[in-house]
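A short worksheet on the structure shown next.
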Amino acid sequence: MGSGTLRRAVVASAILAVAFASAARATEIDCDYCFFNITDNSGEAADVAQQLELCVYDMGDTPDGKRIIAFEFYNNGPIDSVITDIYWDDRGGPIASLFDIATDWASPANPPNLPSATALDPDFAATYSVDSDPPPAQTGIHDGESAIFTLLLTDPNDDLDDVKAALDDGTLRVGIHVQSIGESGNSDTFVAYPCDDIPPPEIPEPGTMTLLGLGLAGLGVAVRRRRRRRL
C-alpha cells in the first residue's frame, strides 16, 4: 500500500455503521445486480461471473441526517476465487471523505484503478477504491462469503431509489477484481449490471458502456464474513 493508505478504523463511525446494520437487513434489500467479466485470464471468468452478486439497500440516516446506503458483495461459489479489490466510478460528484474501514481492508486500492479499465467506454476511472490487506487469500471475500461497504449520499434528498436508478442506467459503475480463480489461480475483472438486463459481451469492446455520475459524499466500509443467506 502507498503512504496515503488508510488502515486504522474510525471507531465512532464503525459503531454507527454496525448500529444501523441490523435494522437495514430487516427492511429494504435489492439483490438485483449481477456481474459480467471484461477479462478472461483464468479461462473461467464467465462461470465465475455467475456466482457474483451485488445487493444494495438502505441503512437509514446518520444522526446528522446523512443517508447511509450499503453495497453488499456476494461470492456465492462453487468456483474457488477471492474478491480482493472493489472500485466505484462516480464522475458526477467525487466522494469527499472516508466513513470507516474494516481492519482487513484498506483505501485506496492497489492498483488505484480497476484493472483493464480501458476495456470499457468511457474508460473506468475509479473515484474510490478499497482492497483487502495481504495476503488476499486470507482477507478477501472468498467463495461462500460476503462483505458490506457503506456510503453516504451528498444530497439529503437522495435515497436508495436514486442510487438504484444510477446503477440501472449506468451513471454509477461498480467494478471488482477477483484473484486465485479455479485451477489456474489467475485473476479477472468484473463490472456490475442490472440482472434483469441482457448482460454485455463477456469481454466488451470499447463503446459498450457509457457513464455520467452520482454525487456521493463519503464511503464507509463495514466488512463481515458469513455463509450466504436470504432474509
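Pop the C-beta distance of Asp64 and Thr118 into the FRET formula with R0 = 35 Å and round what comes out to the nearest 0.05.
Working: r = 39 Å, r/R0 = 1.12.
Efficiency computed from Cβ-Cβ geometry: 0.35.
Once the Cβ-Cβ distance between Asn157 and Asn110 is put in as r, and R0 is 25 Å, what FRET efficiency do you end up with, to the nearest 0.05? Write out the running numbers ahead of the final one.
Values: r = 36 Å, r/R0 = 1.42.
Taking R0 as 25 Å, the efficiency between Asn157 and Asn110 is 0.10.
Applying the Karplus parametrisation 6.51 cos²θ - 1.76 cosθ + 1.60 with θ = phi - 60° to the phi angles of segment 180-191, what ³J(HN,Hα) value in whole Hz is obtained for each residue in order, glycine and proline being reported as x?
6, 7, x, 6, 6, x, 7, 10, 9, 10, 9, 10
Compute the distance in nm between two label points, each set 7 Å from the Cα along the Cα-to-Cβ direction, one at Cys195 and one at Ala137.
In this crude spin-label approximation the distance works out to 3.1 nm.
No value in this document is a laboratory result; all are computed from the given coordinates. All values reported here derive from a predicted model rather than from experimental measurement. Backbone-built Cβ (ideal geometry, glycine too); neighbour counts: all protein chains shown.
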